[in-house]
Amino acid sequence: SQKYTQTNITMNITEFIVLGFGNIGQWQSLLFFVFLVVYIVAMAGNILIVTLVAGDQNLHTTMYFFLGNLSCLETCHISNIVPKMMAGLLTDKNTISFTSCFVQFFFFSYLMATECYLLSAMSYDRYLAICKPLHYTTSMTTRICIQLAASSWISSLIAGFILLSVMLQLTFCGPNEIDHYFCDTYPIMKLSCSDTTELVDFILALMVIIVPLCMVITSYIYIISTVLKIPSAQGRKKAFSTCSSHLTVVVLFYSTTLFTYARPKAMYAYNSNKLVSVLYTVIVPLLNPLIYCLRNKEINSNIWKSSLSS
């Protein structure tokens with residue numbers, strides 16, 4: 001009878017209440033305006049990079065191909081989270097249907113996994129460029145570049161469906177209030193009375209975060225070792241400048257995701273988790289184009305050319 005009751009309750013849940021940032025009163029309008037500006041700037045910046053990479057022959061190289069993929073991913077990632085979050089700031093009761101919640105969760109986990117895999121592919125590209133420059137053109141051909149990018153998107157799709165299938169096995173015994181601003185893993189699991197938390201944790205950490213991170217760390221160990229062997233300070237600076245933008249993005253992304261998904265449960269608190277989640281769901285997509293534009297002379301020059309021609 002217990003099993004029947006749980007199933008019956010699960011079927012009756014048609015929507016979740018997304019608590020968002022709680023009752024912040026007069027600050028809601030200000031927060032909405034801030035997120036609106038950030039969203040517009042992030043979308044404009046990432047779309048600009050995609051447009052430049054696609055339209056300029058000088059940017060049809062491996063590094064910029066990966067950058068275009070990353071910017072395309074960021075536009076999808078921030079659009080999956082921020083519009084619904086902003087809508088919630090304008091209403092007293094922010095609800096999301098059961099189906100829509102799990103659709104948002106799927107795209108969130110899929111896009112986050114894709115970013116992890118894509119950053120690892122970019123680190124491998126930088127490893128070949130710095131550690132094996134004489135073999136770079138033969139090792140990183142257009143075909144291999146496309147295969148790496150495609151495998152990042154496709155393998156993440158598999159990981160996303162696995163995570164979604166595991167999450168859909170959960171039974172919900174009430175309440176239906178998600179203490180977050182979007183349908184993330186732990187806030188959904190907190191509402192479940194199923195004992196599959198450790199399994200979901202393991203799949204999420206292993207498939208989505210740990211394996212790509214190990215590839216990134218390995219690549220940068222070789223990169224740093226090679227750069228330190230360069231005799232001149234100018235040579236070391238020039239070599240490291242080719243991967244400094246990517247390294248900055250890697251540190252920003254992984255420091256926030258690891259804090260959220262890989263720290264001990266004793267340290268877990270939803271209030272701090274919301275703030276950190278804002279960093280990798282909103283701020284990182286905003287900073288990515290800014291970091292690459294500020295630190296990359298070729299993109300800077302192309303932006304100036306585009307603005308002058310228009």
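The values are calculated or read from the model by the stated rules, or taken from the named source; none is laboratory data. No experiment lies behind these values; they were computed from the predicted model shown. Reconstructed Cβ throughout: ideal geometry from the backbone, glycine too, with neighbour counts over all protein chains shown. SASA here: full protein model, heavy atoms, side chains in, ligands and nucleic acids out. Shrake-Rupley method; radii C 1.70, N 1.55, O 1.52, S 1.80 Å.
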Distance between Cα centroids, region 52-89 to region 211-229: provide it in whole Å.
25 Å
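Using only alpha carbon positions, build the gyration tensor of region 69-207, then give the equivalent ellipsoid semi-axes as the square roots of 5 times its eigenvalues, largest first, whole angstrom. All intermediate terms of the calculation are to be shown ahead of the outcome.
Details: eigenvalues 256, 63, 23 Å².
For region 69-207, the semi-axes come out at 36, 18, 11 Å.
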List the residues whose amide H sits under 5 Å from the amide H of Cys173, counting only those 5 or more places along or on another chain, with H placed 1.01 Å from N in the peptide plane.
Cys193
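In percent, what relative contact order does region 1-156 have, based on Cα pairs under 8 Å that are 6 or more apart in sequence? List each step's numbers first, then the result.
Details: 119 pairs, mean separation 45.1, N = 156.
Contact order relative to length: 29 percent.
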Cα radius of gyration and Dmax for region 156-198 (Å)
10.8, 31
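How much area per residue is accessible in region 75-117 when the probe is 1.4 Å and only protein heavy atoms are counted (Å²)?
On the way: 1460 Å² over 43 residues.
Result: 34 Å² of accessible area for each residue.
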Under 5 Å from the placed amide H of Phe16, counting only residues 5+ away or on other chains, we find Ile96, Ser97, Phe98
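Please work out how much length the chain gains when fully extended from Val276 to Ala54, using 0.36 nm per residue of separation minus the C-alpha to C-alpha distance, in nm with one decimal.
Separation in residues times 0.36 nm, less the Cα-Cα distance, equals 76.7 nm.
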Mind giving me the FRET efficiency for Ile221 and Val166? R0 is 30 Å, r the Cβ-Cβ distance, nearest 0.05 is fine.
0.35
Please report the base-10 log of the normalised intensity I(q)/I(0) for region 1-135, using a Debye sum with one equal scatterer per alpha carbon and no solvent, at each q in 0.12, 0.17, 0.18 (1/Å).
-0.69, -1.01, -1.07
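Suppose R0 equals 30 Å. What FRET efficiency, 1/(1 + (r/R0)^6) with r the Cβ-Cβ distance, do Thr138 and Ser79 give to the nearest 0.05? Before the final figure, lay out the partial values.
Numbers: r = 38 Å, r/R0 = 1.27.
The computed FRET efficiency comes out at 0.20.
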With labels modelled as points extended 7 Å from the Cα through the Cβ direction, what inter-label distance (nm, one decimal) is found for Cys131 paired with Ala44?
4.0 nm
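Take peptides 130-142, 103-115, 236-248 and line them up by average Cβ neighbours within 10 Å, highest first, as a rough protection proxy. Each step should come with its number before you reach the end.
On the way: 130-142: 13.2, 103-115: 22.1, 236-248: 17.0.
Descending mean neighbour count gives 103-115, 236-248, 130-142.
Please give the contour-minus-distance gain from Thr248 to Ile230: 0.36 nm per residue of separation, less the Cα-Cα distance, rounded to one decimal in nm. Intermediate values should be presented prior to the final figure.
Details: separation 18, 0.36 × 18 = 6.48 nm, distance 2.17 nm.
Fully extending the segment from Thr248 to Ile230 adds 4.3 nm.
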Equivalent ellipsoid semi-axes - Cα gyration tensor, region 81-132, angstrom
38, 12, 4
